[in-house]
Amino acid sequence: MQRVLSNIERIVRPLPDEMAALQAILQPKTLPANTLYAKEGDVCQTIAFVEKGCGRLYYDLDGWEVSKEFVFENGLLGSFVSFFTQRPSFVHVMTLTETHLLETKYADVMALCGQYPVWQRFAQLLLQDQLSRLERREASLLKETPENRYIRLLNEHPKVLRRVPSQYVASYLGVTAETLNRYQHAKPTLTP
């Protein structure tokens with residue numbers, strides 16, 4: 001728990017009573033690998049900080065899974081849109097490895113944010129970060145070649161390539177597993 005809490009403290013600098021209030025709503029939970037945490041069509045009632053492990057958000061397009069995002073330590077596992085709007089999720093959320101979480105419920109988060117402005121600010125920062133990552137991902141998909149997306153992923157997030165099975169990385173990049181394998185064996189460089 002300390003790793004996640006230390007990271008949060010660096011971001012918003014809560015007072016001791018504010019930190020204690022957050023700790024009171026976080027519940028440790030461990031999920032085995034390949035466990036569905038949230039399902040498309042269901043309302044996401046919980047969200048969790050990842051203490052250890054990793055997860056994946058993905059779309060199911062008639063049996064073809066397209067990875068949207070990968071979540072590692074200190075990240076939040078769940079569907080942001082579903083959790084904060086309390087509407088059905090557009091994505092499935094699954095663990096890729098045994099994953100240790102600090103989980104909280106929607107009602108608890110709303111009460112915490114209502115009582116402590118620091119946590120409302122933290123939620124705003126999380127949402128801003130999510131929107132920023134979403135816009136960068138969209139721009140990458142629309143403006144970059146698949147090979148350049150791979151190179152950027154290799155340079156900016158190498159742990160994805162080390163920790164996530166290649167078929168999920170390939171679907172994230174919008175390429176086949178064979179194409180990803182070819183990229184991995186080449187000496188790629190970014191092209192303008």
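Selection within region 81-95: residues that are hydrophobic (A, V, I, L, M, F, W, C) and open to solvent by 20 Å² or more (accessible area, probe 1.4 Å). The member of this set that is nearest to Pro32 (Cα to Cα) is Met94. In the list Ala177, Ala170, Ala139, Ala186, which residue meets the criterion of being closer than 29 Å to Glu98 by Cα and either loosely packed, with under 15 Cβ neighbours inside 10 Å or over 21 Å from the mean Cα position of the chain (by Cα) (or both)? The unique qualifying residue is Ala177. Considering (1) in contact with a strand residue (DSSP E or B) (Cβ under 8 Å, 6 or more places away or on another chain); (2) surrounded by fewer than 19 Cβ atoms within 10 Å (Cβ to Cβ); (3) among the charged types (D, E, K, R), the lone condition that Arg56 does not fulfil carries the number (2).
Applying the selection to region 142-167, what residues are open to solvent by 50 Å² or more (accessible area, probe 1.4 Å) and farther than 28 Å from Thr95 by Cβ? Hits for region 142-167 are Leu142, Lys143, Thr145, Glu147.
Screening Arg121 against (1) open to solvent by 40 Å² or more (accessible area, probe 1.4 Å); (2) out of contact with any helix residue (DSSP H, G or I) (no Cβ under 7 Å at 6 or more places or on another chain); (3) part of a helix (DSSP H, G or I); (4) in contact (Cβ under 8 Å) with a residue 40 or more places away in the chain leaves a single unmet condition, (2).
Does Ile8 satisfy the criteria of being in a strand (DSSP E or B) and either surrounded by 13 or more Cβ atoms within 10 Å (Cβ to Cβ) or among the acidic types (Asp, Glu) (or both)?
no
The values are calculated or read from the model by the stated rules, or taken from the named source; none is laboratory data. This is a predicted model, so every value here is computed, not measured. When we count neighbours, we look across all protein chains shown, and the Cβ atoms used for this are built from the backbone with ideal geometry, even at glycine. The protein model used for the area step is the full one, side chains on, heavy atoms only, and it has no ligands, DNA or RNA in it. Shrake-Rupley method; radii C 1.70, N 1.55, O 1.52, S 1.80 Å.
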